[in-house]
1. In the list Leu62, Leu88, Leu107, which residue meets the criterion of being under 20 Å from Tyr365 (Cα atoms) and either more than 16 Å from the ligand (Cβ to nearest atom) or in a loop (DSSP other than H, G, I, E, B) (or both)?
2. Hey, could you check region 41-57 for residues that are under 19 Å from Ala100 (Cα atoms) and part of a loop (DSSP other than H, G, I, E, B) and say which is nearest to the chain's Cα centre (by Cα)?
3. I'm trying to understand the selection: among the residues of region 151-166, which are closer than 18 Å to Tyr92 by Cβ and more than 14 Å from the ligand (Cβ to nearest atom)?
4. Taking Pro363 as meeting all but one of (1) touching a residue at least 12 places away in the same chain (Cβ under 8 Å); (2) outside the structural domain of Pro229 (by TED's automatic domain parsing), write down the number of the exception.
5. Looking at region 96-118, can you tell me whether even one residue there is closer than 20 Å to Val211 by Cβ and of a type in the set (Val, Ile, Thr)?
6. Name the pairs: first residue in region 107-128 and on the phi > 0 side of the Ramachandran plot, second residue within 16 Å of the ligand (Cβ to nearest atom) and in a helix (DSSP H, G or I), Cβ to Cβ under 8 Å, at least 6 apart or on different chains?
7. Restricting attention to region 281-288, does a residue exist that is modelled with pLDDT of 95 or more, under 19 Å from the mean Cα position of the chain (by Cα) and surrounded by fewer than 19 Cβ atoms within 10 Å (Cβ to Cβ)?
8. Among what's in region 1-40 and is small (Gly, Ala, Ser) and assigned to a strand (DSSP E or B), pick the residue that is nearest to Pro95 (Cα to Cα).
Amino acid sequence: MKIGIVCYPTFGGSGVVATELGKALAAKGNKVHFISYQQPFKLDLFSENIFYHEVKVTDYPLFDYPPYELVLTSKLVDVVKFEKLDILHVHYAIPHASAAYMAQHILQSEGINIPFITTLHGTDITLVGKDKSFEPVITFAINESNAVTAVSESLRKDTLTHFNIKRKIEVIPNFICLDDYENIGEIESIRKNFAPKGEKILIHISNFRKVKRVEDVIKVFDLVRKEIPAKLLLVGDGPERYRLEEFCRERKTCHLVHFLGKLKDTERILSASDLFLLTSESESFGLSALEAMAAKVPVISSNTGGIPEVNEHGFSGFLSNVGDIENMAKNAIYILSDNNVLNQFKANAYEQAKKFDILKILPKYEILYKELITKNRAAALNNQ
Ligand code: GMT
């Protein structure tokens, strides 16, 4: 198949999922064309089946807001025509779904038919999408997509609650490449560096936006470290970072909390950790929790959105109400205070991650692609 994948290139789950999906499809012999405004950070271009097309928005003094969606649409038209793509798969509805719809109709006017799939990732629905200024376009683009998938059952339900959707939304959960967590090299030097006295290592990874409630991560850590010697690693960057650094200074915990910034690959740092904290207000899936579990790290998380579909309470970790830092700390202390318990949870976390092995999830996308391509070809034959 010749597949066009549209995604955000920046750090964030939707771009990671899109890139890993494209890489896996390319490894199976499909030609995969990534279309984005920057090379996705997880994408290397060393495979003969992977191509990258950059969307460049021209600056012009008239444009206070450069028309990205239009340039993306033109790029889609161009790539579909020139590369003879069979299907487009857009990740994150805004503005990718409406751009794909427009491209599809431009191409149709030239006698080229191409189906497109929209994958909903979370904030395109739960935060940004339901904003009145986007809603009519998002509703239309979802309804007009040839197939729509959501990364969790919770996101599927949220979409149906907030939008007037008249079509089926299929749940295809996010996945993990377990192989990436094999042969990651030694981790002892990392442990020695951050926890020289054998302290337990707690870790959080996110884009430090308000929705992640990273302050709660620090509060939970503060309660834990009073009972168990521990260190906290904060990986990522975003709007809340400086406020959080300030928060640690106020609490006089700077020597125990390490801000590591953005890391392209997190497999090693996760594998060196004991417990992952995800305290989000809302989360459609929580890919970072799955990444932690793939690294055999149990998860203490809030019980919100799609997280309970990923983190099994009492097995791969524990769930607490959003903001219930006491309960989160209690659960963390329970796991960390006995190495036998910790090792059991580590093993369970890995078992849980196996349910989301890319080998299990990839065929669901492949089936969907083939179905739509076949339907599209049959329709084209009928119209001849
Ligand atoms: O975590 C974020 O805020 C980034 C956002 C994105 O678009 O990359 O993540 C969303 O998509 C991820 C991949 O499907 C999910 O794992 C995250 O749960 C989801 N974020 C939210 O729902 C807040």
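The values are calculated or read from the model by the stated rules, or taken from the named source; none is laboratory data. Keep in mind that what you see is a predicted model, and the values were worked out from it rather than measured. Here the Cβ is made from the backbone with ideal geometry for all residues, glycine too, and neighbour counts use every protein chain on show.
1. Numbers: Leu62 fails: under 20 Å from Tyr365 (Cα atoms); Leu107 fails: under 20 Å from Tyr365 (Cα atoms).
Result of the check over Leu62, Leu88, Leu107: Leu88.
2. Top of the filtered list is Val55.
3. As a first pass, look at region 151-166 and keep what is closer than 18 Å to Tyr92 by Cβ: 151-152, 154-156, 158-159, 162-163, 165.
Within region 151-166, Phe163, Ile165 qualify.
4. Condition not satisfied by Pro363: (1).
5. Let us first name the residues in region 96-118 that are closer than 20 Å to Val211 by Cβ, namely none.
No: zero hits.
6. Close Cβ pairs satisfying both conditions: Gly122/Gly13; Gly122/Ser14; Gly122/Leu155.
7. yes
8. Initial filter on region 1-40 (small (Gly, Ala, Ser)): 4, 12-15, 18, 22, 24, 26-27, 29, 36.
Imposing the further condition that a residue be assigned to a strand (DSSP E or B) reduces the set to 4, 36.
Numbers: Gly4: 16, Ser36: 12 Å.
Only one residue tops the list, namely Ser36.
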